[in-house]
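So the structure is just underneath, and the comments pick up after that.
Where a number appears in this text, it was derived from the coordinates with a stated rule and is not lab data. Because the structure is predicted, anything quoted here is derived from the model rather than measured. For neighbour counting, all protein chains shown are included, and Cβ atoms are generated from backbone atoms with ideal geometry for every residue, glycine included.
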């Protein structure tokens, strides 16, 4: 006969009261299980996307290396593309106490005897002595003229001292080229007016008008025979001779006497003594420019080798091994470097003829002796080999521009790689969303199972308590291990 169930006995809990944490009913680590299953579910696609991303990023980096090497090489070509710039000249004066000189690319080789009679000077005028710089001189209008330029300065009670006049002259808006100062001597203070420009045409005149007449000691006007200021230095041109022929210059920086040469006159020659001005090809600068080019060229060649190499020992390939873009560039560059210019003077018709030759490593070596001989023998021919229309440097520059210019080959390739990376990122985002949904579905299913197990355990406990209270603990243990027993 069955035992009636008391209404006061424990009853199974509702489903909402069973689960307070995942796995509490089944004893399983649901979170870890779902994570592992989700990871396994998306592993193949995740690995595929990661591989695609790595490959694309590697190519972006590799093309970046290539582009950087090209930019470095292109920066060295400017000094080689213009033959006259490469075929530069240097100028030197034997006696540097007399003059120094520099030459531009328009100079021509030559040697000149030179003698300096006097340097170009600016005018200097000095006033009579006054008690001190605060001594009142007078009022009126001072007009200062240098050559054809002049300005009028009002002197009144606010600036009528010696120091005030100097300040007014220096601050004049249309100052024609006069600097004013006050010097203090044992005899008193004197106003000094100094021209800022050398040359005979830049003499200083000073006139005054109006006021109380006190400014008359500052007048210097040789045309009216009024020279109350003392001319301590006249404005004069430089006088010198080249190969015995006289020449003049308003400035001590002489630019027109020898074609393409700037002469800086610094001192007067000793009596009956001349010095030598020598203009010669500047092979040192040319050799430096060519050496810089070869270094950058080797940088490009080495970069291409590394990016396209294959190591049979490790069976690994460079990131751009077999890439058509680099292979095409390499072939075109090799054709340019192998240029043979027929009819070139002095046999200067190829890179090897100026000491730049390929080595067994696939780069280029420089023979300084061969280069020095070529530059010394015919610098112009070297310049024509490298620069100008059809020059090696000119053609390399054009080739690099095809690859690096906006919208060029490298720009197009980079855009494609960046688009690929964006597509991978988009695919990864979609996969992540799919895996999130998959994870949520698994979690719901395992939670449902966990709830069911919890209910069974609750039911076992209840039934055991009703029919055999002494075995309640045993029943609970059996259910937890997957066995359901009511005892009895």
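Helix 30-81 versus the longest principal axis of the chain: what angle, 0 to 90°, nearest 10, using Cα atoms?
Taking Cα atoms only, the helix is inclined about 20 degrees.
Please work out the Cα center distance from the stretch 71-120 to the stretch 277-351, rounded to the nearest Å.
30 Å
In what sequence do 327, 81 fall when counting other Cβ within 10 Å, fewest first? Spell out each step's value before the answer.
Details: 327 13, 81 20.
So the ranking, lowest neighbour count to highest, is 327, 81.
Taking the 0 to 90 degree range and rounding to the nearest ten, how far is the long axis of helix 283-308 tilted relative to the main principal axis of the chain, both from C-alpha atoms?
The helix 283-308 is inclined about 10 degrees to the chain.
Suppose only helical runs count, i.e. DSSP H with n ≥ 4. What mean residue ellipticity at 222 nm does that imply for the chain under -39500 (n - 2.57) per run, divided by all residues and rounded to the nearest 500 deg cm²/dmol?
Numbers: 11 runs with 208 residues, N = 488.
That calculation yields -14500 deg cm²/dmol at 222 nm.
Mind ranking 385-393, 267-275 by how tightly packed they are, going by the mean number of other C-beta atoms within 10 angstrom, highest first? Walk me through the numbers on the way to the answer.
Details: 385-393: 20.6, 267-275: 13.4.
Peptide ranking by packing, descending: 385-393, 267-275.
Could you line up 139, 370, 437 from fewest to most neighbouring Cβ atoms inside 10 Å? Show your work: numbers first, answer last.
On the way: 139 19, 370 15, 437 11.
Fewest-to-most ranking of 139, 370, 437: 437, 370, 139.
The list (i) 24.4; (ii) 23.0; (iii) 54.5 gives values of mean projected area of the Cα convex hull in nm², and only one came from this structure; which label was calculated from it?
(iii)
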